[in-house]
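Have a look at the structure below before the remarks.
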Amino acid sequence: MTIRISSLFNALLVTTSCILGGEIATAHATSTPNQEIPSSLIEQGHYQAVLGDCMACHSAPGRPTYSGGFPFPLPIGTIYSTNITPDPEHGIGTYSEADFARAVRQGIRKDGSTLYPAMPFPSYARLSDADIHALYVYFHNGVKPQAIAPPENKIMWPLSMRWPLIIWRWLFAPNVQKAQQRTAAEFSDPVLARGAYLVEGAGHCGACHTPRGITMAEKAQTAQDGNAFLAGGSVVEGWFIPSLRQENRTGLGRWSEQDIVDFLKTGRAPTGASFGGMTPVVEHSTHGYSDSDLHAIARFLHQLTPADPHEQPWQYSPQTASALQHADLSARGAQVYIDRCAACHRTDGHGYGTVFPPLAGNPVVMTADPSSVVHIVQSGATIQPLPTSVSAFTMPSFGKTLSDREIADVVSFIRQAWGNQAAPVSEQKVKQLRETMPESTPPSKLPKN
Amino acid sequence: MTSSSPNIPPSHTDVLIVGAGWAGSIMAKELTEAGLSVTILERGHEHKTAVEGAYPDSIDELRGSVRKRLFQDLSRNSLTIRHTLNQTALPYRQLSAFLPGEGVGGAGLHWSGCQFRATKDDLRLRSVTIERYGHRFIPEDMHLQDYGVTYEELEPYFDKAEKIFGTSGEAHSVNKHITGKGNVFAPDRSDHFPLPPLADTFSGEKFRQACSDVGFHPYSIPAANASQPYTNPYGCQMGPCNFCGYCSGYDCYLYSKASPNVNILPALRPHPRFTLITEAQVLRINLTKDRKHATGATYIDLNTQQENTISADLVILSAFQLYNVHLMLLSGIGQPYDPAKQTGTVGRNFFYQTITSSRIWLPKNQYTNQFIGAGGAGVAIDDFNHPGFDRGPLGFIGGSPIWVNQAGIKPIAAATAGGGKNRPRWGSTYKHDMIETYKHSLSIDAHGSNMTYRDTYLDLDPTWKNVYGQPLLRMTFTWKENDIRMNRYIVEQLKPIAHAMGATRADFNMLEPGQLFDSRFYQTTHLGGGAVMGDNPQTSALNRYLQSWDVSNVFVIGSNAFPQGMGYNPTGLVAALAYWSAHHIRTRYLSSPGPLVPAL
């Protein structure tokens, strides 16, 4: 049984980034009593929805907000996120607060069946009753009901059966009370406690950043569960998931508290910029976090120990810059770098502040798995505009203008220059990564600045 | 956050703006901040740094400088040109002498980045000339006028524009504190430049040293090319300039040259009260029957060829200088200028820039690296441009900065220039000369003022029409004695500098007495006047707030408002005048719409 469950979740979770609320069937009405709802409570609930990034999965392009319908094309068929507006027929209008809490924290639908575990209920289990209450009030009073049904899931039998999910849930989903106590007990410092609550709970960072075991359950749900927590290591939609722990080279070991705050607020920091699956997370979720919550998260991440304590500390080496500045292009890939990259990332690899990210010492460049850096070169990337950082910056895609060989050369160069000392990348590997190359943004969708 | 929904034209807007260049974008930002709904109609299309400006395609000289990628499509609309009143004008069919922009950003996307303030005297040139030299010093047919606004009044708006543009430069005097650096002739400022000056190129460094040796006062040209990464007060970010040399005529792939696209529109586009409609050619501003009030504008949607009308309470004309005047004439805003009767103001006082470029060659052990450059990078002297420079014995009005503004020579331009004046145009000597010239020469410009005269003006052409069936604008313009004399004097002053630089050869270029304006060769896109500001409705189309004297809910922003030319590039003053006008609209006009200055 375990094997069948795991193969199902493999398909589910490898192909989607995290996320995906299960299908919630329409059920019999239990109406909410009509009373004055304070707007501050709705605002609080809205903030909880931002913290939890409900928007990411439950809204789809061209459909009303929170009406679901976001497609997840999986090898087993296509499933769609659900309508979580207060519409009684197609949404969650008939859910009582207890029904709602059970769905969010335990993954149990109103009809008793189990949600697909891409809905991060193992993380949401930690949400306090007060926060669940605010969230419930928001989804019933602050969101417009949308009487539209998401498309029907198209999953072939026997994988369409939901009962195996129950067993998975029994095995891996935490007990709500224990989860809450565990996260709450971690720290006496209220800032760190808040950071833990956000990272382990609503923020569900581990859904992507914690490696999963063979059963597809996260190997650790909290900082107390060991070094696997937020240690990264998997590849999702072509992007290598980096560690959020304190590894010096490949984690956040050299990121200051302010760097982490800026990154989550604006998608850009002097130490690196967001790309891939993290970009919509910043756009829909973390950019709306309060500054004090972002600082709490940064402080919490800072006290995680490195998963690999033996990583050689990164040290800047001026040799590369000196060679390039003296027109020594003998290193493999140096010519491509000078022609295509140095204008923005500079010969010294430092880039320019929050405009052009640094390559020297950037953890993403040095991870053992080169998927991300190869894919950025192949597909390009855009630092998205946000209300607090209105400018967008776009790196062009080189997938069509550079050969696999040239990309292998230049990525190897970047990985070895300026003290980065990561392993070179073969032409074969680049060719292979072409298969999983993310689509470049079409010109009409690129920012206008 | 990316505004992906197409902008639907509203039927009514509080403010309708024509043109999405610097002036239009500044006005749109200011007036949305004031709580108004604002719609910009732009005749061209979007220009995205991430698409057209993407490296390395954007720095294709053939598409950029030669085929004029970012400039106006003259096959749809142009103007006609003649020298004198008795001639028949002919259409300007190829972009050559000057290059109006088209599309979002306008000329503010393809400009170089030299961003000057005006001198105190530039703004009250008639008054200071009379104070110093008497009425009779002014040539009879010269229309010398004051702007009606002083440097002191404009200072906060110069300062604001510099902070928005991320200007790199060096202040001389800040709140009366002398820094010991910068332009010793520059007026006092309320603050430093937001960024330090750009580094000197080798050519700039040589010029700086030589000017000091001769006794002149060199300074770094204020440049809207960011010397460092910068975030402006709107939260818009710029990358730093790397001196790639692709500024003028290009969209900067490093996001380091200030443009409306990079410095204003990112903060404006998400605004719910802001609409930008591209491919919208405005045909006319609609007026009430008595022609005293504008009701909106009619435009052609260039995608559907349908005419559409939008009503508006306030209309801002911020198209390129020529087309602001054209729209006023087509719409009947104000009275057209008549050079015979000396009546009317619309079209009056057209001017250009009296610019000549000279070239010197340095010894062969000195490399000028002309591929390096930035549009606003350079070293200038104002010894022959500043207020105190005595024109009396020289017998001309105006002046000229002299500068080495190495903006980056590209391969086709270098090959076209070859070995300089009167050198072979083909064969091995040409090749040899071209190489030597590219490696060892540099150019020095006399970038002088140009006055306005009774018979330099704009009106509607009686013969030629554009594709919309409207008469073309007609330019009547040629060089006049005052400006030729000024240019010849200034170019003479280059000679000791060239000598001090160790020049081994020099081509000194100056206007010849009686020389006519030649529209076939690129000079500069600094056109101005035609709807000028001032204190007298008999001689100016706009009051000192750039408001039409005749139609008080129309403001006309741009270099069209300058009564005559100055030695500096116009953009810095255009931006300051836009902020100045916007301030008075926000603080005075909106609470009580009507003339901000009573007509005499």
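No lab work stands behind these numbers, since they all come straight from the coordinates. Keep in mind that what you see is a predicted model, and the values were worked out from it rather than measured. Neighbour counts run over all protein chains shown; Cβ positions are idealised from the backbone, glycine included.
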Using only atoms on other chains, find how many Cβ atoms lie within 10 Å of each Cβ of peptide A:337-343 and report the average. 2
Using 1/(1 + (r/R0)^6) with R0 = 22 angstrom and r between the beta carbons of A:Ala423 and A:Thr279, what's the FRET efficiency to the nearest 0.05? 0.25
Phi to ³J(HN,Hα) by Karplus 6.51 cos²θ - 1.76 cosθ + 1.60 over region B:201-212, Hz, x for Gly, Pro: 6, 4, 4, x, 4, 4, 5, 4, 5, 5, 4, 4
Return a whole-number percent for the relative contact order of chain A, with Cα pairs under 8 Å and 6 or more residues apart as the contact set. 13
Of every Cα-Cα pair in chain B, the percent that sits beyond 30 Å: 50
Compute the helix-to-body angle for B:481-500: its Cα long axis versus the longest principal axis of chain B, expressed 0 to 90° and rounded to tens. 40
If I model a spin label as a point 7 Å beyond the Cα along the Cα-Cβ vector, how far apart are those points for B:His177 and B:Lys495 in nm? 4.4
Straight distance only, please: which aspartates and glutamates reach the Cα of A:Lys154 with their own Cα at less than 13 Å, same-chain residues fewer than 8 apart left out? A:Glu23
Over 18 Å (Cα to Cα) - which of A:Lys448/B:Lys68; A:Lys448/B:Lys257; B:Lys289/B:Lys341; B:Lys292/B:Lys465; B:Lys410/B:Lys439 fall in this group: A:Lys448/B:Lys68; B:Lys289/B:Lys341; B:Lys292/B:Lys465
Provide the gained length on full extension for the span B:Thr309 to B:Asp60, in nm with one decimal, where the gain is 0.36 nm per separating residue minus the Cα-Cα distance. 85.8 nm
For the peptides A:77-83, A:174-180, what is the packing order when you average, over each peptide's residues, the other Cβ atoms within 10 Å and list the highest mean first? A:77-83, A:174-180
So, with points 7 Å from each Cα along the Cβ direction, the B:Ala599-A:Ile37 label distance in nm works out to 5.9
At a Förster radius of 60 Å, what calculated FRET efficiency corresponds to the Cβ-Cβ distance of B:Asn536 and B:Tyr367, to the nearest 0.05? 0.65
Counting Lys and Arg as +1 and Asp and Glu as -1, what is the net charge of the other residues whose Cβ lies under 15 Å from the Cβ of B:Asp455? 0
C-alpha center-to-center spacing [region B:168-243, region A:243-265] in angstrom: 37
Whole-Å distance linking the alpha carbon centroid of region A:332-385 with that of region B:77-123 is 41
Degrees between helix B:151-165 axis and first principal axis of chain B (Cα, 0 to 90, nearest 10): 80
Kindly state, to the nearest 0.05, the FRET efficiency for B:Thr298 paired with B:Arg76, given R0 = 22 Å and r defined as their beta-carbon distance. 0.85
When a/c is below 1.5 the answer is rounded, else prolate if a/b is larger than b/c, else oblate, so apply that to chain A with a ≥ b ≥ c taken from the square roots of the Cα gyration tensor eigenvalues. prolate
Tell me, what is the percent relative contact order of chain B, built from C-alpha pairs under 8 Å that lie six or more residues apart? 22
Under 15 Å from a point 7 Å along the Cα-to-Cβ line of B:Thr88: which residues of region B:449-468 have their amide N that close? B:461-465
Do you know the relative contact order of region B:345-437, to the nearest whole percent, from alpha carbon pairs under 8 angstrom that are 6+ apart? 26
Mind checking the log10 I(q)/I(0) for region B:234-323 at q = 0.11, 0.13 Å⁻¹? Debye, one equal scatterer per Cα, no solvent, two decimals. -0.50, -0.66
For region B:110-116, 3J(HN,Hα) per residue [Karplus equation, 6.51 cos²θ - 1.76 cosθ + 1.60, θ = phi - 60°, Hz, x = Gly/Pro]: 9, 5, 7, x, 5, 10, 9
Could you tell me the center-to-center distance, by alpha carbons, between region B:287-323 and region A:389-449 in angstrom? 47
Within 10 Å of each Cβ in A:390-400, the average number of Cβ atoms from other chains: 6
Computed over chain B: longest principal axis from alpha-carbon atoms vs helix B:321-331 long axis, angle to nearest 10 degrees, is 20
With the cut-off at 1.5 for a/c, could you classify the protein assembly as shown from its C-alpha gyration tensor as rounded, prolate or oblate? prolate
So for the pair B:Arg454, B:His45, with labels modelled 7 Å out along Cα→Cβ, what separation do we get in nm? 4.9
